[in-house]
Amino acid sequence: MKVTDKDISFMKKALALAAKARGMTSPNPMVGAVIVRNGKVISEDYHKQAGEPHAEALAILKAGDKAKGASLYVTLEPCCHLDKRTPPCTKTIINSGIKKVFIAVKDPNPKVSGKGFEELKKQGIEVVSGILEDKARKLNEAYVKYITTGMPFVILKTAMTLDGKIATPEGQSKWITGEGARKVVHMMRKEVDAILTAVGTVKADNPELTVRIRRQKTENRRQPERIVIDPKLEIPFDYKIFNVPSETIVITRRQNTEDRIQKEKTLIDRGVKVIEYESERLDLKWLMKKLGEMEITSVMIEGGASLNAHALQDEIVDKVVFFIAPKIIGGKDSIPAVGGNIFKRLEEAYQIHNMGARKIGEDLMVEGYILKHACTSSF
């Protein structure tokens, strides 16, 4: 069946609906649905959060009997399995009398992946897929990574000067970028499940690592979990990450001394989760698997030069976002965006794919994907 400009327009509308739930549906994907009859939209909706009805079911409920003979535009292949908290959407679609289903992209979840298409086709429903497929994939890039690997999608975010520095030799870093860039970072925090940092950054800045958006009502504010790598439990208990509301997870090296056992008990009594590792050096791939088991589907790294280098070396980074300020610090002892003792030869350097840039106030925001994890790769 030939896809028309109107079909593309209706799918764009469905994608825009899905995007309204950014940061709210994890571990589920964002999905939007539009029902059209005789060329006019008769109902639309989107999935609000995990455990609530799916977009297709909500739109069909709104349409009622008008759904019979209509067309459904949905951003992700409808689910067809029972291993979840809501009924399968394929059954709802079939029972509604909808005759055509336009789908942006196949669901990478092995429990669905193509099976939803087949179930609808067997019931005589015409299925058209692949409309705005790349946009639909990008919208749910975190879900795709998580559902296919069991590990979260990882964004490496940093703010630096034009000469690649994130702090002076004394550690001064506030504020390298302007207010506009900082607002964007808060929006990014709102969209991820967790923020990962390390003891050095926390001790230097005593950050909250929370979402602070003025126009967002406090009761609707979603806060990411804070994950702090603190091998020796050096962070003072009166620091903000232990006292400002939001879940905190501390990653520490196991030591069975009386002092360490007491420190861990104090943290746990305060509601802090503690994850221990035994090796000399923390394996970040191991940590990502642990976080995936906790249904954390996306992580943003907000650390210093050492953590940035560690994340790249352990190959956990999917996407990079660099905010570049029109400033030059200079000095060989100033701190670079990526540190460590290991460097890549030019022919082995980390390659960034699908790179884009835009101005945020006076600053430049540059983002792209580590080549092997490019968002355009197939499911």
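Electrostatic bookkeeping for THR4 treats Lys and Arg as +1 and Asp and Glu as -1; over the other residues with beta carbon under 15 Å from its beta carbon, the sum is +3. The calculated FRET efficiency for GLN172 paired with SER113, based on their beta-carbon distance and R0 = 51 Å, is about 0.50.
Build a GNM of the chain with springs between Cα atoms under 10 Å: which of PRO108, PRO152, PRO245 gets the top mean-square fluctuation? Evaluated over the chain, the most mobile residue of the options is PRO245. Dipole size of the chain about its Cα centre, with +1 on Lys/Arg Cβ and -1 on Asp/Glu Cβ: approximately 1420 debye, rounded to the nearest 20. Working from label points 7 Å from Cα in the Cα-to-Cβ sense, the ARG358 to LYS121 distance is 3.8 nm.
Only protein atoms count toward the accessible area here, which uses a 1.4 Å probe; on the chain, the carbon and sulfur part of that area reaches 50 percent.
Please work out the Cα center distance from segment 30-76 to segment 252-271, rounded to the nearest Å. Here the answer is 50 Å between Cα centres.
Under a cut-off of 23 Å between alpha-carbon atoms, report the lysines in cross-link reach of LYS273, not counting same-chain residues fewer than 8 places apart. In chain and number order, the partners are LYS190, LYS203, LYS232, LYS240, LYS263, LYS265, LYS285, LYS289, LYS290. Placing dummy labels 7 Å off each Cα toward the beta-carbon, the span from VAL244 to LYS332 is 3.7 nm. Scalar couplings 3J(HN,Hα) for segment 333-341, obtained by applying the Karplus form with A = 6.51, B = -1.76, C = 1.60 to θ = phi - 60°, are 8, 5, 8, x, 5, 10, x, x, 9 Hz; x denotes Gly and Pro. Ranked by the mean number of other Cβ atoms within 10 Å of their residues, highest first, the peptides 264-271, 341-348, 127-134 come out as 127-134, 264-271, 341-348. Summarising the label geometry, the points placed 7 Å from Cα in the beta-carbon direction at GLU234 and GLU278 lie 2.5 nm from one another. Across segment 102-116, computed HN-Hα scalar couplings (Karplus, 6.51 cos²θ - 1.76 cosθ + 1.60, θ = phi - 60°) run 9, 10, 6, 8, 5, 6, x, 4, x, 6, 10, 2, x, 5, x Hz from first to last residue, x flagging Gly and Pro. Just report the Cα centroid separation between segment 139-201 and segment 297-360, whole Å. Segment 139-201 and segment 297-360 have Cα centres separated by 10 Å. Take the Cβ atoms of ARG270 and GLU293, set R0 to 22 Å, and the FRET efficiency comes out at 0.45. Going down the table (LYS48/LYS122; LYS48/LYS115; LYS13/LYS48; LYS48/LYS138), which pairs top 21 Å between alpha carbons? Violating the 21 Å Cα-Cα cut-off are LYS48/LYS122; LYS48/LYS115. Both radii were evaluated on the Cα set of the chain; the Rg over Rh quotient, with Rh as the Kirkwood radius, amounts to 1.02.
Using a Gaussian network model of the chain in which every pair of alpha carbons under 10 angstrom is joined by a spring, one finds that among LYS66, LYS122, LYS135 the greatest mean-square fluctuation is at LYS122. Among GLN262, GLN172, GLN223, the residue with the largest mean-square fluctuation in a Gaussian network model of the chain, with springs joining Cα atoms closer than 10 Å, is GLN262.
The string of couplings for segment 351-356 from the Karplus curve (6.51, -1.76, 1.60, θ = phi - 60°) is 9, 9, 10, 6, 6, x Hz, one whole number per residue in order, with x for Gly and Pro.
Taking Cβ atoms as reference points and 14 Å as the exclusive limit, the residues near GLU126 contribute a net charge of +2, counting Lys and Arg as +1 and Asp and Glu as -1. Within the shell of other residues whose beta carbon sits under 14 angstrom from the beta carbon of LEU291, the net charge comes to -2, with Lys and Arg scored +1 and Asp and Glu -1.
The values are calculated or read from the model by the stated rules, or taken from the named source; none is laboratory data. Just so it is clear, the model here is predicted, and its values are computed rather than measured. We place every Cβ from the backbone using ideal geometry, glycine too, and count neighbours over all the protein chains shown. Heavy atoms of the whole protein, side chains included, go into the accessibility calculation; ligands, DNA and RNA do not. Shrake-Rupley method; radii C 1.70, N 1.55, O 1.52, S 1.80 Å.
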